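This report refers to the structure that appears directly beneath it.
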Amino acid sequence: KNQVEQSPQSLIILEGKNCTLQCNYTVSPFSNLRWYKQDTGRGPVSLTIMTFSENTKSNGRYTATLDADTKQSSLHITASQLSDSASYICVVKVDSNYQLIWGAGTKLIIKP
Amino acid sequence: EAGVVQSPRYKIIEKKQPVAFWCNPISGHNTLYWYLQNLGQGPELLIRYENEEAVDDSQLPKDRFSAERLKGVDSTLKIQPAELGDSAVYLCASSLTGTGGSPLHFGNGTRLTVT
């Protein structure tokens, strides 16, 4: 069964600190993996996309990694800001039928 | 570019009543999605359109839910009759295509409360 699991479920860190969010998937055949940020009361917004051949991709203070062999991805946030408080959702696209398999998300809280 | 527009923003109804949600996608986006999201969970697909055609409605509870996308642009999602368990946020999203690497662009959702 195609599944996406994220950890931790929630995380609280102090402003200025770094953190790493994890995404493990059992999706086959794999097409791509995307990270979304969802602010409270808003729809998700795409942060970055990872394809099979990409290992690392940065978008400002966000760096995503992908290990296609172990089927794991991570999202690293550097020098966190209060505005980073949100849920971060990992989504994997199935190559055969273009279905999107969504994780439950990690709720990140940045404290001043 | 204008984003995905959804209305209403909030809706409170009594159980067994009907309710409808409206979505205007980004201009030129062929693919439109309706998702349901419960608190602390990821979005769950209800239906996906490619232009006017519903290409994936396998998770849509067809006994009470219906959707349409007239002329391949705006879309409406209807629930009749609503049940207590339907309380959730209903998200609409659009993308250039459903097959490639295009990201989904979401509206801010309609929060439905069924009492």
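Any read-out appearing in this document is the output of simple, stated calculations on the displayed coordinates, not a laboratory observation. What you see is a predicted model, and the numbers here were worked out from it, not measured in a lab. Using ideal geometry, Cβ is built from the backbone for each residue, glycine included, and neighbour counts are taken over all protein chains shown.
Considering segment B:1-19, and only residues there that are aliphatic (A, V, I, L, M) and surrounded by 15 or more Cβ atoms within 10 Å (Cβ to Cβ), the residue that is farthest from residue B:73 (Cα to Cα) turns out to be B:13.
Applying the selection to segment A:50-79, what residues are surrounded by fewer than 19 Cβ atoms within 10 Å (Cβ to Cβ), within 14 Å of chain B (Cβ to nearest Cβ) and part of a strand (DSSP E or B)?
Of everything in segment A:50-79, those that are surrounded by fewer than 19 Cβ atoms within 10 Å (Cβ to Cβ), within 14 Å of chain B (Cβ to nearest Cβ) and part of a strand (DSSP E or B) turn out to be A:51, A:57, A:59.
Test residue B:57 against the stated conditions and say whether it is in contact with a strand residue (DSSP E or B) (Cβ under 7 Å, 6 or more places away or on another chain), within 30 Å of residue A:7 (Cβ to Cβ) and surrounded by fewer than 20 Cβ atoms within 10 Å (Cβ to Cβ). No, not satisfied.
For segment B:52-68, name all the residues that are farther than 14 Å from residue B:36 by Cβ and in contact with a Phe, Trp or Tyr (Cβ under 8 Å, 6 or more places away or on another chain). The answer is B:55, and nothing else. For segment A:85-112, the set of residues classified as surrounded by 20 or more Cβ atoms within 10 Å (Cβ to Cβ) and without any contact (Cβ under 8 Å) to a residue 40 or more places away in the chain consists of A:100 only. Identify all residues within segment B:101-115 that are touching a residue at least 40 places away in the same chain (Cβ under 8 Å) and either facing chain A (nearest Cβ under 9 Å) or part of a strand (DSSP E or B) (or both); write none if there are none. Across segment B:101-115, the qualifying residues are B:104, B:105, B:106, B:107, B:108, B:109, B:110, B:111, B:112, B:113, B:114. Once segment B:30-45 is narrowed to residues that are in contact (Cβ under 8 Å) with a residue 40 or more places away in the chain and in a strand (DSSP E or B), the residue that is farthest from residue B:86 (Cα to Cα) is B:31.
Can you name every residue in segment A:50-68 that is touching a Leu at 6+ places or on another chain (Cβ under 7 Å) and without any contact (Cβ under 8 Å) to a residue 24 or more places away in the chain? First the steps, then the outcome.
So in segment A:50-68, the residues touching a Leu at 6+ places or on another chain (Cβ under 7 Å) come out as A:50, A:54-55, A:59, A:62, A:64, A:66.
A:50, A:54, A:55, A:59, listed by residue number.
Here residue A:13 does not qualify as of a type in the set (Val, Ile, Thr) and within 14 Å of chain B (Cβ to nearest Cβ). The residues of segment A:18-47 that are assigned to a strand (DSSP E or B), in contact (Cβ under 8 Å) with a residue 24 or more places away in the chain and either within 12 Å of chain B (Cβ to nearest Cβ) or among the charged types (D, E, K, R) (or both), listed by number, are A:23, A:31, A:32, A:33, A:34, A:35, A:36, A:37, A:38, A:47.
Given the criteria free of Cβ contacts under 8 Å to residues at least 12 places away in the same chain, within 14 Å of chain A (Cβ to nearest Cβ) and part of a loop (DSSP other than H, G, I, E, B), does residue B:98 qualify? When the stated conditions are applied, residue B:98 does not pass them. The set of residues in segment A:18-46 being within 20 Å of residue A:84 (Cβ to Cβ) and either surrounded by fewer than 19 Cβ atoms within 10 Å (Cβ to Cβ) or in contact with a helix residue (DSSP H, G or I) (Cβ under 9 Å, 6 or more places away or on another chain) (or both) consists of A:18, A:19, A:20, A:22, A:37, A:39, A:40, A:41, A:42, A:45, A:46. Residues of segment B:55-87 that are in a strand (DSSP E or B), within 14 Å of another protein chain (Cβ to nearest Cβ) and not β-branched (Val, Ile, Thr): B:56 alone.
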